[in-house]
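S.K.: Structure below; questions to follow.
The values are calculated or read from the model by the stated rules, or taken from the named source; none is laboratory data. Note that the structure is a prediction, hence the values are computed from the model and not measured. Cβ placement follows ideal geometry from the backbone for every residue including glycine, while neighbour counts extend to all protein chains displayed.
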C-alpha cells in the first residue's frame, strides 16, 4: 500500500458555533490541499463555553442536525474521510448528551459513530471537572475500515485506559480527538499517546483543542501524529492549525514482523 497522508486539526473553540464551524472548514480545506486522505477534528470542535449546559442545548438527534450536516458536507466538499472530533447528540437522559465522534467518508456517507466511554473527573484546587454531570457514557468499542487501514476511535480521557485499545484488536491507526486540560496535558499527553502507539504497534492521530478559550479555560493542545515505534512525526504546540504526516502500512508490517508483541499477548 502506498503511504497516505493523514492530518490532525487543532482549534481553540469558543461559544460561537457558526464561527467555530468556519474555522474548522478552513482548516479541513488546508489539510485536504496538503494531500490528506483522512482528517480528524478535535473534541468539542463546534462549541466550548463557560457553561457546560450549553452543549445540552446544542445537542442533536442522531442522524439530523446542522452539526451533522456540516460534517457530511465538509467531508464531501473536500473529498476527505473526516473524523468529526465530537459533537453533542441526544442521550437517554433528557438533561445529558452523548459526546459522540462521527466519521464520514469522502462521499459524505456516515461510516462510524463512537460515544465517549470514559468520563473525565478531576479536582485540584479551584480546577474542577465532572463530565458525568452533563454526559451519558457510551459502551461500545468502535473500529472501521478506511483508505488508510483499520481505524479505532477514542476521545480524550479514553487515552488513559489501555484496555479500550486492546479491545479493538489489531488496528493501523488510533484517532484521539481531545480537549486535554493544560494541567493534565503538560504532565501526561505525549507520554500516553506514544505509549498507545508503541503497545499497539500502530499510528496515533491526536487532534486537540490548544490554547486559552474565551471562557478562560486553557487546553493543552500539542496535536500530533505518532508512528508505531513511538516517534512523533509532526506536532503543533498551541493555536489553530493543521499537523500532517505520512502513514505507511509497510512500516507497520515491518515493525510487527520484527517485534511481534501483539502475537505474544497472553491476557
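S.K.: Given the condition in contact with a helix residue (DSSP H, G or I) (Cβ under 9 Å, 6 or more places away or on another chain), surrounded by fewer than 19 Cβ atoms within 10 Å (Cβ to Cβ) and not in a loop (DSSP other than H, G, I, E, B), answer yes or no: does some residue in the stretch 137-147 qualify?
M.R.: The answer is no, given that none of the residues of the stretch 137-147 is in contact with a helix residue (DSSP H, G or I) (Cβ under 9 Å, 6 or more places away or on another chain), surrounded by fewer than 19 Cβ atoms within 10 Å (Cβ to Cβ) and not in a loop (DSSP other than H, G, I, E, B).
S.K.: Here is a further query. For the stretch 32-41, which positions are crowded, with 18+ Cβ neighbours inside 10 Å and assigned to a loop (DSSP other than H, G, I, E, B)?
M.R.: Once the filter is applied, which keeps residues that are crowded, with 18+ Cβ neighbours inside 10 Å and assigned to a loop (DSSP other than H, G, I, E, B), the stretch 32-41 yields only 41.
S.K.: Now, a different point. Go through the stretch 167-178 and give me each residue that's out of contact with any strand residue (DSSP E or B) (no Cβ under 6 Å at 6 or more places or on another chain) and free of Cβ contacts under 8 Å to residues at least 40 places away in the same chain.
M.R.: Within the stretch 167-178, 167, 169 meet the criteria.
Here is a yes/no grid of residues against (1) within 27 Å of residue 267 (Cα to Cα); (2) touching a strand residue (DSSP E or B) at 6+ places or on another chain (Cβ under 6 Å):
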position: 127; (1), (2): no, no
position: 135; (1), (2): no, yes
position: 140; (1), (2): yes, no
position: 162; (1), (2): yes, no
position: 180; (1), (2): no, yes
position: 224; (1), (2): no, yes
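S.K.: Which members of the stretch 180-233 meet the condition of being surrounded by fewer than 19 Cβ atoms within 10 Å (Cβ to Cβ), under 18 Å from residue 251 (Cα atoms) and touching a residue at least 12 places away in the same chain (Cβ under 8 Å)?
M.R.: Selection gives 194, 195, 199, 229, 230, 232, 233.
S.K.: Which one of these is surrounded by fewer than 17 Cβ atoms within 10 Å (Cβ to Cβ), touching a helix residue (DSSP H, G or I) at 6+ places or on another chain (Cβ under 7 Å), modelled with pLDDT of 95 or more and part of a helix (DSSP H, G or I): 29, 18?
M.R.: Just a single option satisfies the conditions, and that option is 29.
S.K.: Next up: How about the stretch 93-132: which strands (runs of 3 or more DSSP E) wholly inside it have at least 3 residues that are in contact (Cβ under 8 Å) with a residue 12 or more places away in the chain and surrounded by 18 or more Cβ atoms within 10 Å (Cβ to Cβ)?
M.R.: Where strands (runs of 3 or more DSSP E) fall fully within the stretch 93-132 and carry at least 3 residues being in contact (Cβ under 8 Å) with a residue 12 or more places away in the chain and surrounded by 18 or more Cβ atoms within 10 Å (Cβ to Cβ), they are 97-104, 110-115.
S.K.: Right, next: Count, please, the residues in the stretch 195-254 that happen to be part of a helix (DSSP H, G or I) and within 16 Å of the chain's Cα centre (by Cα).
M.R.: Within the stretch 195-254, residues that are part of a helix (DSSP H, G or I) and within 16 Å of the chain's Cα centre (by Cα) number 2.
S.K.: Residues in the stretch 42-61: is at least one over 19 Å from the mean Cα position of the chain (by Cα), assigned to a helix (DSSP H, G or I) and in contact (Cβ under 8 Å) with a residue 12 or more places away in the chain?
M.R.: Looking through the stretch 42-61, at least one residue is over 19 Å from the mean Cα position of the chain (by Cα), assigned to a helix (DSSP H, G or I) and in contact (Cβ under 8 Å) with a residue 12 or more places away in the chain.
S.K.: Then there's this: Would you tally the residues in the stretch 92-114 being under 14 Å from the mean Cα position of the chain (by Cα) and within 17 Å of residue 47 (Cβ to Cβ)?
M.R.: 4
S.K.: Sort out which residues of the stretch 148-172 are touching a helix residue (DSSP H, G or I) at 6+ places or on another chain (Cβ under 9 Å), surrounded by 17 or more Cβ atoms within 10 Å (Cβ to Cβ) and farther than 13 Å from residue 118 by Cα, and write them in order of number.
M.R.: Correct list: 148, 149, 152, 168, 171, 172.
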